[in-house]
Amino acid sequence: MMKMEENGDDGLVSKINKYERMDKDDEFDEELEDSMIKLRQHHRRSSDTRKYVFACAVFASLNSVLLGYDVGVMSGAIIFIQEDLKITEVQQEVLVGILSIVSLLGSLGGGRTSDAIGRKWTMGLAAVIFQTGALVMTFAPTFNVLMIGRLLAGVGIGFGVMVAPVYIAEISPTIARGSLTSFPEIFINLGILLGYVSNYAFSGFSVHTGWRIMLGVGILPSVFIGFALFVIPESPRWLVLQNRVDEARAVLLKTNENESEVEERLAEILVSAGLGADKTEEKPVWRELLNPSPALRRMLITGLGIQCFQQITGIDATVYYSPTIFKDAGIKDKTKLLAATVSVGFAKTIFILVAIILIDRVGRKPLLYVSTIGMTACLLGLAFTLTFMGNGQVGIALAILLVCGNVAFFSVGIGPVCWVLTSEIFPLRVRAQAAALGAVGNRLCSGLIAMSFLSVSRAITVGGSFFLFFLISAVSVAFVYKHVPETKGKSLEQIELLFQKGNEEWQRGEVELADVEHLVQKE
């Protein structure tokens, strides 16, 4: 009996323990299921956020297609315009270069406009102005009317190239800001390629009709820009500047994968905008730019310097006048000239994709080194080829290869990184107007190169012109070393603190970081 009772008690205890384990297993299963549900929700949110930010960056970059298309299409259209309207060589230079010069007015006005009406609607205004200019150019009966359309298009482009990178930088999460802010450069390259293809595709039309169709096709992207304005949100940082903090929080929730970071980001933006707890009386933006603090002065040197070097190394001369370069190398047939130019567009577009993949992985500065050193080598080779190789098949092949190499190295680094840096290094209060100053420097240098290339080439030969570009490109390597910090992986507010340390501090920091990474790899 005692044994039975003991067995009975033991059986009862084991049953109780079994049920307890079952209850615990059930609780564990429920917790596991809850965790899986939360994980799936997080992944779904992350995926939706990435798609949303990607779509915003694409739509914001559409204005850049207009700039790229105009640059690409004019390189071939100018051949037909010269024949149809009987314009002089000086008029050619003015027609090609005036767009860049006038676009600096758009960039100057774009900073104040985007602060007044918002980043999003400034992009819409840019599209409307460009579209009007493109229509005028398409139906222009004379050179003077063509110039009026060109002026309008230039103002629209100035607005667009200034505001798109700023907008994308302000809505992008830190981890993907570099690649997303490079999107405008992708679309510029895509526009250039489309312009080259348009030249080739419509070259069979009559002289009077062909160039008008080439220019008129550039109106089409404006339709998509109009649609985009009803899809993309306003910049959260601009909303904060307008004291619309709740709307800014809503946008940050849509554009950041981790909800816990939203309040932290919002607090940083509030302080950066001067709306936080430590708000102080501050100077007007224009006065701050004219009399900058040491940190802001470093930012302005970096931002304006990299924008100017992007253009004075001769990229627009290469793109606008590639038919002239190939003609000097020995290609005489008009169709073959345009076909060779298409290869330049493909090289420029394909290699921008390399930059997009690498910019947030290897950083901004390594890409700038590869780019500026590679361009320097290609420009020296092209100058030597055009000067000493004559008009033979070898000279033609080398000229095409080196021009494609030059634009490829440009697209890998200084092309996209220039706009990324300018949009992320300035404090929020002055970001739009400081970025506008950088865009002004870019457009001014672009215009000067485009408007002087033919005259300089006539004076010192095309090869001599590229020797000058080679020397300037060599200086750009030293500028990158001295004045450009690494901004990969840092929030916009952290970058502002980086410039307060000064050039020597960030160079020392980069060396120390490189040593740490080397030790980690060895372990």
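The values are calculated or read from the model by the stated rules, or taken from the named source; none is laboratory data. Note that the structure is a prediction, hence the values are computed from the model and not measured. As a convention, Cβ positions derive from the backbone with ideal geometry for all residues, glycine included, and neighbour counts pool all protein chains shown. Please note that ligands, DNA and RNA were not included when accessible areas were found on the heavy atoms of the full protein model with its side chains. Shrake-Rupley method; radii C 1.70, N 1.55, O 1.52, S 1.80 Å.
Hey, can you tell me all the residues within region 455-470 that are open to solvent by 20 Å² or more (accessible area, probe 1.4 Å) and more than 14 Å from Phe384 (Cα to Cα)?
Result: Ser455, Val456, Arg458, Ala459.
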Subject >> Scan of region 240-270 for residues that are more than 17 Å from Val53 (Cα to Cα) and assigned to a helix (DSSP H, G or I), ordered by number >> reply: Val240, Leu241, Val245, Asp246, Ser260, Glu263, Glu264, Leu266, Ala267, Glu268, Ile269, Leu270
Subject >> Neighbours by Cβ (under 9 Å, 6+ apart or cross-chain): first from region 305-330, of a type in the set (A, V, I, L, M); second in a loop (DSSP other than H, G, I, E, B) and open to solvent by less than 10 Å² (accessible area, probe 1.4 Å) >> reply: Ile306/Val484
**OP:** Kindly check whether there is at least one residue in region 117-133 that is among the basic types (Lys, Arg), under 14 Å from Asn63 (Cα atoms) and in contact with a helix residue (DSSP H, G or I) (Cβ under 6 Å, 6 or more places away or on another chain).
**Re:** yes
Subject >> Criterion violated by Pro292 - all others in (1) under 16 Å from Val462 (Cα atoms); (2) in a loop (DSSP other than H, G, I, E, B) satisfied >> reply: (1)
**OP:** Output the number of residues of region 90-107 satisfying the condition of being modelled with pLDDT under 80, over 18 Å from the mean Cα position of the chain (by Cα) and either over 13 Å from Asp316 (Cβ atoms) or among the basic types (Lys, Arg) (or both).
**Re:** 1
Original post:
Hey, Gly413 hits all of (1) free of Cβ contacts under 8 Å to residues at least 60 places away in the same chain; (2) over 23 Å from Phe346 (Cα atoms); (3) within 16 Å of the chain's Cα centre (by Cα) but one; which does it fall short on?
Top reply: (2)
Original post:
If you go through region 237-273 one residue at a time, how many are of a type in the set (A, V, I, L, M, F, W, C) and either touching a Ser or Thr at 6+ places or on another chain (Cβ under 6 Å) or surrounded by fewer than 14 Cβ atoms within 10 Å (Cβ to Cβ) (or both)?
Top reply: 1
**OP:** Go through Ile359, Ile352, Ile425, Ile396 for me and flag whichever is at pLDDT 80 or above and over 27 Å from Tyr167 (Cα atoms).
**Re:** Ile396
Subject >> Answer from Asp328, Asp316 - the residue that is within 22 Å of Phe467 (Cβ to Cβ), open to solvent by 40 Å² or more (accessible area, probe 1.4 Å) and of a type in the set (Asp, Glu) >> reply: Asp328
Original post:
Picking from Ala176, Ala164, which residue would you name as being farther than 24 Å from Ile81 by Cα and touching a Pro at 6+ places or on another chain (Cβ under 7 Å)?
Top reply: Ala164
Subject >> Enumeration of residues in region 461-480 that are farther than 12 Å from Thr372 by Cβ and of a type in the set (S, T, N, Q) >> reply: Thr461, Ser465
**OP:** Quick one: count up the residues across region 198-216 that are hydrophobic (A, V, I, L, M, F, W, C), in a helix (DSSP H, G or I) and surrounded by fewer than 19 Cβ atoms within 10 Å (Cβ to Cβ).
**Re:** 3
Original post:
When you go through Leu99, Leu104 one by one, which is the residue that is touching a Lys or Arg at 6+ places or on another chain (Cβ under 8 Å) and under 17 Å from Asn144 (Cα atoms)?
Top reply: Leu99
Subject >> region 159-171 residues that are at pLDDT below 85, paired with ones that are among the β-branched types (Val, Ile, Thr) and surrounded by fewer than 24 Cβ atoms within 10 Å (Cβ to Cβ) (beta carbon under 6 Å, 6 or more apart) >> reply: Ile171/Thr255
**OP:** Check every one of the helices (runs of 4 or more DSSP H) wholly within region 60-176 and list those with 1 or more residues that are of a type in the set (Phe, Trp, Tyr) and surrounded by fewer than 19 Cβ atoms within 10 Å (Cβ to Cβ).
**Re:** 119-138, 143-171
Subject >> Which numbered condition Lys490 fails, given (1) assigned to a helix (DSSP H, G or I); (2) open to solvent by 30 Å² or more (accessible area, probe 1.4 Å); (3) at pLDDT below 80 >> reply: (1)
